[in-house]
1. Looking only at region A:101-119, how many residues end up being surrounded by fewer than 17 Cβ atoms within 10 Å (Cβ to Cβ) and under 15 Å from the mean Cα position of the chain (by Cα)?
2. Given the criteria closer than 15 Å to residue B:213 by Cα and at pLDDT below 50, does residue B:59 qualify?
3. crowded, with 16+ Cβ neighbours inside 10 Å and under 23 Å from residue B:188 (Cα atoms): which single residue out of A:190, A:161, A:209 fits that description?
4. Please go through region A:171-221 and pick out each residue that is under 12 Å from residue A:153 (Cβ atoms) and of a type in the set (Phe, Trp, Tyr).
5. State which residue pairs qualify: first residue surrounded by 23 or more Cβ atoms within 10 Å (Cβ to Cβ) and inside region A:165-181, second residue among the aromatic types (Phe, Trp, Tyr) and modelled with pLDDT of 90 or more in any location, beta carbons under 6 Å apart, and separation of 6 or more residues or different chains.
6. What strands (runs of 3 or more DSSP E), lying completely within region B:129-203, carry at least 3 residues that are away from chain A (no Cβ under 14 Å)?
7. Tell me which residues, restricted to region A:204-250, are among the acidic types (Asp, Glu), modelled with pLDDT under 90 and not in a helix (DSSP H, G or I).
8. Restricting attention to region A:110-169, which residues are among the hydrophobic types (A, V, I, L, M, F, W, C), closer than 30 Å to residue B:165 by Cβ and in contact with a helix residue (DSSP H, G or I) (Cβ under 7 Å, 6 or more places away or on another chain)?
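The values are calculated or read from the model by the stated rules, or taken from the named source; none is laboratory data. Please read these numbers as outputs of a predicted model, since none were measured by experiment. All Cβ positions, glycine included, derive from the backbone under ideal geometry; neighbour counts span all protein chains shown.
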Number of protein chains: 2
Amino acid sequence: MLFFTQCFGAVLDLIHLRFQHYKAKRVFSAAGQLVCVVNPTHSLKVLGDQSEKGQGWEAEKDRCHATHAYTHPSSHHLHHSHEAVHDPQLIPCTCPLFSCQWEGHLEVVVSHLQQTHRINILQGAEIVFLATDMHLPAPTDWIIMHSCLGHQFLLVLRKQEKYEGHLQFFATMMLVGTPTQADNFTYRLELNRNQRRLKWEATPRSVLECVDSVISDGDCLVLNTSLAQLFSDNGSLAIGIAITSSQHHTAESDM
Amino acid sequence: MLFFTQCFGAVLDLIHLRFQHYKAKRVFSAAGQLVCVVNPTHSLKVLGDQSEKGQGWEAEKDRCHATHAYTHPSSHHLHHSHEAVHDPQLIPCTCPLFSCQWEGHLEVVVSHLQQTHRINILQGAEIVFLATDMHLPAPTDWIIMHSCLGHQFLLVLRKQEKYEGHLQFFATMMLVGTPTQADNFTYRLELNRNQRRLKWEATPRSVLECVDSVISDGDCLVLNTSLAQLFSDNGSLAIGIAITSSQHHTAESDM
């Protein structure tokens, strides 16, 4: 009798696991570390054909340049003359995703990402981002948002054919905040498999800058397909993420 | 009198520094760490025109495939059937540099590199590789050899246009030894500048494998030009190098 009860329990566990597999986001704890399974987002499909061979990329870049007040790092310190300086939450902001035409204020971009793009917010400064279905054709995005150190951060992994016949993966971290606030943090991305380890550490960029500009500039973690395969396990790529507060900017704190 | 002696000493020092600057290799110690200034090698010029747009690359790859017994990682464990297994030093070996047609035995490849390509051997497991003149057109190689842990290692940094209009830098570490010997070590390359840090850790490859295959497979540290510029200072790129002995292979030791 006990044997049958155990079998039934095992079958229930299998059904539960299969159900979890088809959920858009899956979070579990492995060896004390938060692992977030991230399926590709399909927001790029709108610009699908257009974006091939970089045409959509350029179009999107133009859109960013036209609408963002904070597109370039060189404009980081121009915000003092901006009309919304007294409340950064009211700064005009577009959706950081590739094909979305949404425009609003910084304070509502998180709810837009949650509601329109179904991006969940995870808690914790150190997580493992497990991107599934790495074989899917470019362009494809894998996105998570996580909340730590009093802010929301957006990790974007993109598969893109920036040069004809040369697929690459780009990973960057964006702060839902101003460039001045972003300067207060450091993020680290780490890949570790097959006796190879790759670490990238940088200051996050602001969502007020354009994620497409950051990626097209290549100022992020860049992987070619053969390296991505070496770091992948069964079509999934695990990226360890850690965010820390930079010490040297604490005097400035939030604007 | 003392003042004039000191002035004369200072002038002598300046002349000496200027002489050192024009030497092919320059080594000095900064903050306790060995810094090696590496000028580009000109060994690629022979295949200059041919190698543009990857033609020379393919030609060289074919040469490697034709002459090397150890071209692929998958053949690492096939050496037991090799006729020279009792003395790895007698394994046939070609020059690891791009355009050189030299062929000989493993035991004489170091002296070939020193004599024909004027590559110096540095001592120490941790050094800083300072590649100068990063702006030079591709293809260009920056190469040093260093001796530590009882072996000689070759660091190759290459600027190459693998895809038309897309210049990249590739850095890899080769052991002057067999693939089995190479498995006993781990190397780390580190770039650190402009609030960005990039680390690559892997097992060195054997010079019996083809350096061009390693680079064309992209199984090495890969930098696009914009990242290389961010990590460069005044046209020079500093790469921290560390080599350690892998613990899990100590039982096998050298074959």
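1. 2
2. yes
3. Just one listed residue meets the conditions, A:190.
4. A:185, A:187
5. Going by the 6 Å Cβ cut-off, the qualifying pairs are A:173/A:153; A:173/A:187; A:175/A:153.
6. Filter on region B:129-203 gives B:140-148, B:151-163.
7. A:209
8. Kept after step one, since they are among the hydrophobic types (A, V, I, L, M, F, W, C), are these residues of region A:110-169: A:110, A:113, A:119, A:121-122, A:125, A:127-131, A:134, A:136, A:138, A:142-145, A:148-149, A:153-157, A:167, A:169.
Within this subset, residues satisfying the condition of being closer than 30 Å to residue B:165 by Cβ are A:131, A:134, A:136, A:138, A:142-143, A:155-157, A:167, A:169.
Selection gives A:134, A:156, A:167, A:169.
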